[in-house]
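The values are calculated or read from the model by the stated rules, or taken from the named source; none is laboratory data. Quick caveat, the model's predicted, so the values are computed rather than measured. Cβ atoms come from the backbone with ideal geometry, glycine included; neighbour counts cover every protein chain shown.
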Amino acid sequence: MNIIIHRGTHQIGGCVTEYEYDGWRLFVDYGEELPGGPTSGDLHIEGLTHGDISKSALLITHYHGDHIGSITKLPKELPIYIGKVGREIQLVLSDHLKSVDGVHQEMIERLQHANTFEAGNGFSFGPFSIMPITVDHSAFDAYAFKIEADGVSAFHTGDFRTHGFRSKKLPELIQKYVGAVDYVVCEGTNVARPDATNLTERELQQQFEEQFKANKSNVVYLSSTNIDRLFSLYHAALRAKCGFLVDAYQKRIMDIVTQQDPIWGKSSLYRYGEYEPKVLMYDNGEFLVTEEFKDFLNKLGYVLIARANPRFDHLIARLPGEKQKYLSMWGGYVEEGNEAYNKNLADSLGNDYKPMHTSGHSDMNSMREVFRLLHPKALIPIHTDAPEKFAELFSDEWSVILLNDGDSVTSS
Ligand SMILES: [Zn+2]
Ligand SMILES: [Zn+2]
């Protein structure tokens, strides 16, 4: 089996990996490059973007744009495999965004023909056996894959972390479904960001709960598809006895998650409690704020899940109380001069806000524990802007293969 890293050896966004055996090609992820990093533009890959694709397929680890965002550029005949619930969430997201950006209509058409898989249900493609393993990440229904062909095995981690609500299951899943592998193709987002994981998701939730108890009027900016954070805030609001306000789009996403049945369905995190999130009323192009609604908010207090746009700005201005705003996503988005700077978000947020966030990616000590369970012959870092640092860290215990984009590793 050959492992080829087409992109991602020296950058975080837009990783594309190929597993090749006997003319069959299994690709993992085809997303967008992130602003601010190095970029290589459109890729030209034999058996994926052009040429004979009759023995090719693409696996998607999760719905973040840097993993799925460019699939609309691929030939329509290419089989795509994606997690069942992740596909549904992406469909709602694309439906919400299609009027702003036409590429989302293409995304919808693409995903309507995609194959879905579920955690722990292995499947095959040509000579490859594939086992999808659920991982905890800031995207819901995110996967790692065990990929095997010709007696060679690799564990492709995708994006994952070990400090989330669901992370404790990973060692057990690795033991049950993966075992020892020859290679780990591993994300290394936080190699050079040791402070990104200071808090666990549960500690962050406790801090939010304290804030919601201390402040009556709360406005939180977070990614609409950061499901665990969203449900975490919902339950924190319930405990603080505050109203929890979302728009209809956000509620649709929450409903998909509460209605899913598989492996995480049993978790109380994804169930509605005493009352469901309250859906904002909408009329004539704007959110409706009636006297009755204001009375309700004055009495209970509230947590509003907001997005940076004029409609929400206008709503927030009409809501009662002294608002406490929170940024529950990466701070770079509101850092002037940062390439990922989002002016709308910075303007909506203003200067007086509390940053409250923890990373969707693993810290390096926890990663070491994961590697120890997998006993790999070698590690191949991707999704990182500091591969040398990754090698420095882990070469005491494992051989680390540093590649450039387009390089391959051959094993038989
Ligand atoms: Zn991700
Ligand atoms: Zn990513």
Any residue that is farther than 24 Å from ASN198 by Cα, away from ligand 1 (no atom under 16 Å from the Cβ) and either surrounded by fewer than 19 Cβ atoms within 10 Å (Cβ to Cβ) or basic (Lys, Arg) (or both) - is there at least one of those in the stretch 361-375? yes
So for the stretch 120-131 (the condition being loosely packed, with under 15 Cβ neighbours inside 10 Å, touching a helix residue (DSSP H, G or I) at 6+ places or on another chain (Cβ under 9 Å) and farther than 21 Å from LEU222 by Cα), does at least one residue qualify? yes
Subset tally (residues that are at pLDDT 95 or above and not in a loop (DSSP other than H, G, I, E, B)) for the stretch 135-170: 17
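If we keep just the residues of the stretch 149-206 that are of a type in the set (Phe, Trp, Tyr), under 23 Å from LYS389 (Cβ atoms) and out of contact with any Lys or Arg (no Cβ under 6 Å at 6 or more places or on another chain), which is nearest to ligand 1 (Cβ to nearest atom)?
Narrowing the stretch 149-206 to residues of a type in the set (Phe, Trp, Tyr): 155, 160, 165, 177, 183.
The next check asks that each one be under 23 Å from LYS389 (Cβ atoms); those that pass are 155, 160, 183.
Imposing the further condition that a residue be out of contact with any Lys or Arg (no Cβ under 6 Å at 6 or more places or on another chain) reduces the set to 160, 183.
On the way: PHE160: 9, TYR183: 21 Å.
This residue is PHE160.
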Looking only at residues that are among the hydrophobic types (A, V, I, L, M, F, W, C) and within 16 Å of ligand 2 (Cβ to nearest atom) in the stretch 108-139, which one is nearest to HIS96 (Cα to Cα)? ALA139
Selected residue [away from ligand 1 (no atom under 16 Å from the Cβ) and modelled with pLDDT under 95] from THR49, THR39: THR39
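I want to confirm something. Restricting to the stretch 60-80 and keeping residues that are part of a helix (DSSP H, G or I) and touching a strand residue (DSSP E or B) at 6+ places or on another chain (Cβ under 8 Å), which single residue is farthest from ligand 1 (Cβ to nearest atom)? Working first, answer last.
Taking the stretch 60-80 first, the residues part of a helix (DSSP H, G or I) are 65-68, 71-73.
Keeping just the survivors that are touching a strand residue (DSSP E or B) at 6+ places or on another chain (Cβ under 8 Å) gives 68, 71.
Working: ILE68: 10, ILE71: 15 Å.
Result: ILE71.
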Has the stretch 176-188 got at least one residue that is hydroxyl-bearing (Ser, Thr, Tyr), surrounded by fewer than 18 Cβ atoms within 10 Å (Cβ to Cβ), away from ligand 2 (no atom under 16 Å from the Cβ) and in a helix (DSSP H, G or I)? yes
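Residue-by-condition table, conditions (1) more than 16 Å from ligand 2 (Cβ to nearest atom); (2) within 21 Å of the chain's Cα centre (by Cα); (3) closer than 23 Å to GLY13 by Cα:
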position: ALA317; (1), (2), (3): yes, no, no
position: LEU327; (1), (2), (3): yes, yes, yes
position: ALA346; (1), (2), (3): yes, no, yes
position: SER359; (1), (2), (3): no, yes, yes
position: ALA391; (1), (2), (3): yes, no, yes
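For residues in the stretch 189-208 being aliphatic (A, V, I, L, M) and more than 26 Å from VAL28 (Cβ to Cβ), which is surrounded by the fewest Cβ atoms within 10 Å (Cβ to Cβ)? Talk me through it step by step, then tell me what you get.
Within the stretch 189-208, the first condition is being aliphatic (A, V, I, L, M), and the residues that meet it are 191-192, 196, 199, 204.
From the residues that got through so far, the ones that are more than 26 Å from VAL28 (Cβ to Cβ) too are 199, 204.
On the way: LEU199: 16, LEU204: 20.
Result: LEU199.
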Members of the stretch 190-216 that are assigned to a loop (DSSP other than H, G, I, E, B), out of contact with any helix residue (DSSP H, G or I) (no Cβ under 8 Å at 6 or more places or on another chain) and within 16 Å of ligand 2 (Cβ to nearest atom): ARG193
